[in-house]
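For reference, the structure discussed in these notes is given below.
The values are calculated or read from the model by the stated rules, or taken from the named source; none is laboratory data. Values in this document were obtained by computation on a predicted structure and should not be read as measured data. Here the Cβ positions follow ideal geometry from the backbone for every residue, glycine too, while neighbour counts run over all protein chains shown.
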Amino acid sequence: MTFKFSGAWLRLVANQRTVSIEASNFSEALTKLTDQHPQLKGVLLDDSGQVRRNHYVVVNGDPVAQLSPDMPLSEHDQIEFLTRVS
């Protein structure tokens with residue numbers, strides 16, 4: 001799958017607009033992504049390793065309302081993180 005980044009997120013991934021990861025589910029993909037780009041951990045994840053509540057996860061253009069770590073992903077999926085604005 002491909003993680004897409006823009007704006008302030010770029011500084012956390014060495015200015016790469018896309019990062020490709022091979023994984024079978026969201027949890028595995030997130031672990032591999034944060035292993036490659038450890039600076040993402042403090043911004044993206046809370047103390048329990050879950051995506052912080054102030055971020056949206058968007059898969060293939062659709063916001064994911066109930067994020068499950070076991071959510072299956074395919075090699076063609078595109079994932080983005082968006083920060084909630086209140």
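The listed residues are T18, T34, and the only one of them that is modelled with pLDDT of 95 or more, surrounded by 15 or more Cβ atoms within 10 Å (Cβ to Cβ) and out of contact with any Asp or Glu (no Cβ under 8 Å at 6 or more places or on another chain) turns out to be T34. Residues in the range 1-46 that are of a type in the set (S, T, Y) and over 22 Å from G61 (Cβ atoms): 2 in all. Filtered by the rule that a residue be loosely packed, with under 15 Cβ neighbours inside 10 Å, within 12 Å of the chain's Cα centre (by Cα) and not hydrophobic (A, V, I, L, M, F, W, C), the range 64-86 gives P69, Q78, T83. The residues of the range 35-66 that are closer than 17 Å to A8 by Cβ and among the hydroxyl-bearing types (S, T, Y) amount to a single one, Y56. Within the range 47-62, is even one residue small (G, A, S), touching a residue at least 40 places away in the same chain (Cβ under 8 Å) and exposed (fewer than 12 other Cβ atoms within 10 Å of the Cβ)? There is no residue in the range 47-62 that is small (G, A, S), touching a residue at least 40 places away in the same chain (Cβ under 8 Å) and exposed (fewer than 12 other Cβ atoms within 10 Å of the Cβ).
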